[in-house]
Amino acid sequence: MSLTKRDANGQLRVEDVALSDIARQFGTPCYVYSRAALTAAFAGYQQALTAHGVAERALVCYAVKANANLAILNVFARLGAGFDIVSGGELARVLAAGGNPAKVVFSGVGKSRSEMRAALAAGILCFNVESASELDSLNEVAGQLGQRAPISLRVNPNVDPKTHPYISTGLKTAKFGIPYEDALTLYRRARDLPHLEIHGIDCHIGSQLLDPAPAAEAATKILALVDALAAEGIALSHIDVGGGMGIRYRHGEDGEVAPNAAEYLAPLLAVLAGRREKLLFEPGRSLVGNAGLLLTRVEVLKHGEEKNFAVVDAAMNDLARPALYDAWHDIVPASVPVDAPQKVGASGTAVSNPGELGGVRKRYEIVGPICESGDFLGHDRDLALAEGDLLAILSAGAYGMAMSSNYNTRPRAAEVLVDGANVHLARRREEIAQLFALESVLPIPP
Ligand code: LLP
């Protein structure tokens, strides 16, 4: 489902609420999420799993890192989701949002002992162990608590996910996981450690995968290991195939083609058909990415000989993806005059709708106010803009607010969750005093 719809008055809406009303009430920049879109994305996974007859033995563990707002976590908790966490902080968030610790898997290459203790105390489902060293320290920590830690090994299957190098994790050269060749040896070692209990196996090869084939290839390699382990008497109860399903960021002719959950999961589930193990998934982006946008206001227009700049009130500290990965996000006006020609995309979204509100249509660099040339949100966007216009930066629900910072001492944006005609303030805009509340100057004198 598409997040936004243009109404008869030219207003862009999320569910039943106009973005201009949200800006009026909560200010900008503001992240806007839709409960219905979150729910639909989760349902997409559940429906695909049901269609393949594996829903009963499958658990979708939302990757918290994509968007850790409590309101979002709570929506998924209510839907029965599990959670994939990578820190003690994420564990605390899941618990605060009403998530079930018995459905939590803990990934990450560098878990600290205090994080291990917290997760053991909470009673999580499984630790995804990423190194020999972690096996030893987890064994020791569990022993101190008189517990046995449930584990799976995150195995690196050496499969190229064919995505951006910064978000590829499944190649030999990555810091992630245990080399495929070492997996059997490490499982034997884990079996012999008294405070560990082997539950499963895990792999995650990368993010924003538009082609499901590499994930299916990784699963095939993982299954070979599961069978080799079984032959040695090490029976696994679950297989975790990680996250990674890509989403569509760019609509229109130049845009990428992204699979839906059914298309993405079909080859994977074909590989996993007929198994008795439980199946775990760790999707992040595909559950939240297209369920959120970043609403921003044009502060300043600078028209030049070479370039036209629209300086907006959101910046790379709010949405780092363009600066960090050269990522594309569609940017559309929140209001267009009703008599303007409306180019509505095939999906019914207003994505290809050109900006027609204020001024004359021009090619703009959409940039933030931060003192870096890398502070851009979009290059070469054809929009008719006037100062004060509102713009929606689409597909910003995943790795948007989650990767935000206070660079340039900019308060983080507000976040709202739209639910029908209601707008729930999911996070208040930060106040400047909060940004330095933890700091102190030297005592005086001397
Ligand atoms: N599981 C593990 C172990 C992961 O490392 C990740 C993402 C996921 C699951 C969720 O993957 P997803 O379904 O979201 O693709 N900041 C980057 C993406 C980093 C992904 C890191 N790991 C971006 O904005 O594109």
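The values are calculated or read from the model by the stated rules, or taken from the named source; none is laboratory data. Remember, predicted model here, so these are calculated numbers, not experimental data. Neighbour counts run over all protein chains shown; Cβ positions are idealised from the backbone, glycine included.
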On the basis of being assigned to a helix (DSSP H, G or I), over 22 Å from ASP240 (Cα atoms), more than 15 Å from the chain's Cα centre (by Cα) and of a type in the set (S, T, N, Q), does GLN25 make the cut? yes
Note on ALA132: of the conditions (1) surrounded by fewer than 16 Cβ atoms within 10 Å (Cβ to Cβ); (2) of a type in the set (A, V, I, L, M); (3) touching a Phe, Trp or Tyr at 6+ places or on another chain (Cβ under 9 Å), unmet is (3)
In region 391-424, residues that are assigned to a strand (DSSP E or B) and within 14 Å of the ligand (Cβ to nearest atom) total 1
Scanning region 140-164 for residues that are among the hydroxyl-bearing types (Ser, Thr, Tyr) and at pLDDT 75 or above gives SER152
Across (1) under 30 Å from ASP227 (Cβ atoms); (2) surrounded by fewer than 21 Cβ atoms within 10 Å (Cβ to Cβ); (3) at pLDDT 95 or above, SER286 clears everything bar (2)
Checking ARG250, ARG275, ARG297 in turn, the sole residue that is within 16 Å of the ligand (Cβ to nearest atom) and of a type in the set (D, E, K, R) turns out to be ARG250
Next item on the list: Could you please let me know if TYR264 is within 13 Å of the ligand (Cβ to nearest atom), surrounded by 21 or more Cβ atoms within 10 Å (Cβ to Cβ), under 18 Å from the mean Cα position of the chain (by Cα) and not aliphatic (A, V, I, L, M)?
Entry: yes
Exactly one of ILE222, ILE239 is more than 9 Å from the ligand (Cβ to nearest atom), touching a residue at least 24 places away in the same chain (Cβ under 8 Å), under 14 Å from TYR187 (Cα atoms) and surrounded by 20 or more Cβ atoms within 10 Å (Cβ to Cβ), and that residue is ILE222
Only one of ILE167, ILE205, ILE234 is surrounded by fewer than 22 Cβ atoms within 10 Å (Cβ to Cβ), at pLDDT below 95 and among the aliphatic types (A, V, I, L, M), namely ILE167
